[in-house]
1. What fraction of the DSSP beta bridges in the chain is antiparallel, stated in percent and rounded to the nearest 5?
2. What percentage of the solvent-accessible surface of the chain, computed with a 1.4 Å probe over protein heavy atoms, is contributed by carbon and sulfur atoms?
3. So how much slack lies between residue 525 and residue 335, counting 0.36 nm per residue of separation and subtracting their Cα-Cα distance, in nm?
4. Quick one: angle between helix 526-536 and the longest Cα principal axis of the chain, in degrees between 0 and 90, rounded to 10, please.
5. I'd like the FRET efficiency for residue 350 and residue 709, computed as 1/(1 + (r/R0)^6) with the beta carbon distance as r and R0 of 60 Å, rounded to 0.05.
6. If segment 624-738 were replaced by its equivalent ellipsoid, with semi-axes equal to the square roots of 5 times the Cα gyration tensor eigenvalues, what would those be, largest first, whole Å?
7. Let me know the shape class of segment 132-204, please: from the alpha-carbon gyration tensor, a ≥ b ≥ c as square roots of the eigenvalues, rounded when a/c is under 1.5, otherwise prolate if a/b is greater than b/c, or oblate.
8. Long-range amide H contacts for residue 213: which residues qualify at under 5 Å (H placed 1.01 Å from N, peptide plane, sequence gap of 5 or more or a different chain)?
Amino acid sequence: MDVPVPRFSVIVPAYQVQAYLHECLDSVLSQSYPDLELIVVDDCSPDACGEIADEFAERDPRVRPVHLPRNEGLGPARNAGMERATGDYLVFLDGDDTLAPHALRSIADRIKETGEPDVLVYDYARTYGTGETVRNRAAAHLTEQGPAPFRLADRPGLMELLMVAWNKAVRREFAEREGFVFPPGHYEDTPWSYPVLMAAESLATLDRVCVHYRQRRRGSILGTPSARHLDVFAQYDRVFAYVESDPELARWRPVLFRRMNDHLATVFTRPGRLPRSLRAEFMRRARVHCRRYRVPGVPVPPAARLRHALLRLGLRRTYEALRLVSALRRRTRKAGAKLLGTARTAALRLHYRIQRRLPLRADRALFADAGGRGYGGDAGALEEAFRAFAPHVRTAWAAGPAHHHTVPTGTRRLTPGTAAYWTALARSRYLVHHTGLDAGLLKRRGQVVVRTQDGTPLRRTGLDLREHPAARGTDFARLLDTVDSWDHLVSANRHSTLTCERVYPGRYTTLEYGRPRTDVFQRATAADVARLRETLGIPEDTVALLYAPTYRDYRRTQRAGLDLERLVTRLGPRFMVLARAHPRHGGPLTTVRHDRIVDVTAHPSVEKLCLASDALITDYSALMFDYAGLDRPIVLHTDEAEAFEAAVGTCVDLRSFPPGAVAGDEDELIGVFAGGQWCGPRSAQLRAAFRERFCPHDDGRAAERVVRRVVLGETDLPPVVPLAERRPAPSAAAALSRPPLATVPQPAGPRTVTDSL
């Protein structure tokens, strides 16, 4: 009876990584692509690595533990795994690193799309103990544009990538035919990776982070000072011996020579690698290697010329002296910048004090959004209303220079921290902000401070956070001092009013007039929607789903809660996803390149994204309250509900009062769309009740009411248009009325690259 051949043989060598091995193996076995064997090679580790491998083997038949009788090192341990591998492709993973979610599915899809190449190169990200994740800076070489597969000569930039085994899937038959094995030693990846790339008849790339490369504070091999770092010379001898074995590979000598110089300089200069007693020996051997393998006339980047010359000449003391001079220059520059910054801060404080003694300007208003971001939100809607209904008031917007282009031409642009900004803070009568004004603000008598909200409260906020972990670091005394500076708080609905007056107690007046930023939902036309969809690249007769999850305070690293590639594949060609990360996410929501997935995190206006979309998918984002005003379908993906409630807490029970269909996991969510419940009568009924409760004033005139009350002093304000009489901007997708879809079978078809907005 034939034994099924797994698609992947994942080889994990383990030596003194017991603290990380559970997470590593779990990241492999939990992959959404299960066709694999996991070979864990216990390299005679003195800790519990062997026992951990055996425990996993007992729980999952895909795990095959290998116990070596003595410690061989990383290279021989990988060889032991290769000898026992039966999969189509070899995937290497170090015992302290992890596979990204859905990595193997993406790798398998790309391999199929590109015709089973010998080698597939994918991306990685460095992960730090602080929770920070930094993607590979050379990721541009992995773009999937152009024909694939290809030869190395077609994409020589791949030689600039980090030469490691764990960023490649290698066809097992190819590796066995070429006789590729890992040598013993400290830098065993080098003589494996270069020959693999040069020998491959077909190569392909995957522009997606598939491996999280853990940056350990202590205990890593490369971060331990020892004589083993001299092994780098023997490994490059092996690389150049391979090149000399085939005359056709001579073309790669210049590139390899330059890369060797860069590598040797890194080993020499990186702290924690070479003991002081070996530095002279290292430089002597570096000089020998540079002269032995030098290719005259090789172009060297200007920044590296001096470094390469010092290595070639073996001038260790000169090299170290120049490094000391460079370090001293950096410290001097840093100290000077700090001194200059202190003097500048003192001068600005004095300037602010002087300006506060001058008369207020009754015809000036200063606006700002959270964190100095660009024009938009409630503050942007109010600024527009100021110009429309109180044109005698001159407006200014405070934002960083990178966002000045978003400010309308009729509005003055100010940069936070400048003298002009502090002048406006001191002398403007009206200050409108959403936690965006400077902490040094001292409100003057006669100034009017209007505070906007970050949407209708869903998560706990203000004083309610005192009992939740998300409040760590919050200065509640300072928070209450800030509240005392407010004159007016803009509220969208009764729930917002009652919540804010309890968690932000103060003497301010609540203006329960609606959400100013949603005014555009009532004013926009079908032509406006069509124009927005065209700029976003949404094809006609396509259902555009806006996926906008909230920020998870309890996670060290943020990630998408959905496999968007799987979602659009299962739903079929009529659906596409606009993926938008929360502003605190710090980057795009997804790195997947797909013609029906567009990352719109960098788009300046979430209101325009709402107008362009046909339905909203979210988890616990307050955007759902705004989106309800459009009267378009909303689907909740309530994963990790218990964790979110414990860390942050909620003040709206979405389980008993949802805005539409609710899915607890990804499969349920796919079923909601495939079965038509997302736009069915029950969804419409839930949305109608949700709108009635949370959008009672959102009729397109909320900002006008605020300006008439605060600036013009009017009390007879425009009446609210009843819900039944409102006509929000219509959805553009005619497909909404079509019958339910059946899910599309896996796997996905070929993909093309779509540039992010």
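The values are calculated or read from the model by the stated rules, or taken from the named source; none is laboratory data. From a predicted model like this one, the values you see are computed outputs, not experimental measurements. Here the Cβ positions follow ideal geometry from the backbone for every residue, glycine too, while neighbour counts run over all protein chains shown. In case anyone asks, the SASA skips ligands and DNA or RNA and just uses the protein heavy atoms, side chains included. Shrake-Rupley method; radii C 1.70, N 1.55, O 1.52, S 1.80 Å.
1. Details: 14 of 79 bridges.
Taking every DSSP beta bridge within the chain, about 20 percent pair in antiparallel fashion.
2. Details: 17710 of 34070 Å².
Of all accessible area on the chain, carbon and sulfur atoms account for 52 percent.
3. 62.8 nm
4. Long axis of 526-536 versus the principal axis of the chain: about 20 degrees.
5. After rounding, the FRET efficiency stands at 0.95.
6. Working: eigenvalues 201, 82, 22 Å².
Whole-Å semi-axes of the equivalent ellipsoid: 32, 20, 10.
7. Values: a/c = 2.07, a/b = 1.15, b/c = 1.80.
Oblate, because a/c is 1.5 or more while a/b does not exceed b/c.
8. Those qualifying (amide H under 5 Å, at least 5 residues apart or on another chain) are 125, 126, 127.
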